[in-house]
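Notes to accompany the following structure.
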Amino acid sequence: MSKKNGLIIPCDEANHTCDKTQYREASLWEKIKLNIHLIYCRACRKYTKNNSKLTKLVHSEAVECLKTSEKKKMKSALDNEITGQ
Amino acid sequence: MSGHEINPNDWITKYADYLFNYTITRVKDRETAQDLVQDTFFAGLKSMKNFKGEASERTWLVSILKRKIIDHYRKINSKKGQAEIKVNFSHDSENEGSWLEQRVADPYDRTAEDTIENTELGLAIHNCIGKLPEKQAQVFKMKTLLGHETEAICNELDITASNLWVIIHRARTAIAACLEKNWF
């Protein structure tokens, strides 16, 4: 981030913005800079493509995950059982 | 306790999500799925001495879980059957003889091909997440699957935001590579 408002950003910053866009946390200005970067950077284009694909997959209904609280409950129940043995 | 490496204390962090995902695609209901996974852990704990170490710990747990899911369907199906008999004998006699096929819930009913694929996808993703270092896996799950806010995660795990993004970046790269190899 040496040039604060430059249009040209290095790859690591582009990737960082790309990660943020996956969670809808990038600002408009950041997205503009990312897209300008993508025009000329093939590697980052590939990364962005894969990254969005991953997001799409993860958000398809198939992937479920236990909430932290639910896990804690399970853990304590299991611990009880272990000590009970 | 037994000679083989088996450590129930790690079960929840290591396998709970995988098993839960396996169950939820088969029983739909979150509560039931949770109970089944919990039962599986209990059963695993009880029969730990019988674990011969021929399969991996996870495979072994999945095989227990399978029995649990089957038992679950047996149980609800037998209840359904009893309820249906009453309905059937009071009125609506033209359907006689076919009530079993028609009314008993078929666990494979909604298993069209895309559902099968989705099931496998879910497991594949959890498989890949399971290969990550624990911290990365934890952050990735909280951020992506549970949709927590960045700040909330930072507070809970006591890390900075840029730290979090680096972890996320590494996790995503690793998962993408892993899926590329095993799924696409």
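The values are calculated or read from the model by the stated rules, or taken from the named source; none is laboratory data. These numbers come from a predicted model, not from an experiment. Note that we place each Cβ from the backbone using ideal geometry, even for glycine, and neighbour counts take in every protein chain shown. When the accessible area is computed, the model is the full protein with side chains, heavy atoms only, and any ligands, DNA or RNA have been set aside. Shrake-Rupley method; radii C 1.70, N 1.55, O 1.52, S 1.80 Å.
Things worth noting here:
- When restricted to residues that are closer than 11 Å to A:LEU7 by Cα and open to solvent by 80 Å² or more (accessible area, probe 1.4 Å), region A:21-30 contains 1.
- For region B:15-22, the condition of being of a type in the set (S, T, N, Q) and within 15 Å of B:GLY130 (Cα to Cα) holds for at least one residue.
- Qualifying residue in region A:51-67 (condition: more than 7 Å from chain B (Cβ to nearest Cβ), surrounded by fewer than 14 Cβ atoms within 10 Å (Cβ to Cβ) and modelled with pLDDT of 85 or more): yes
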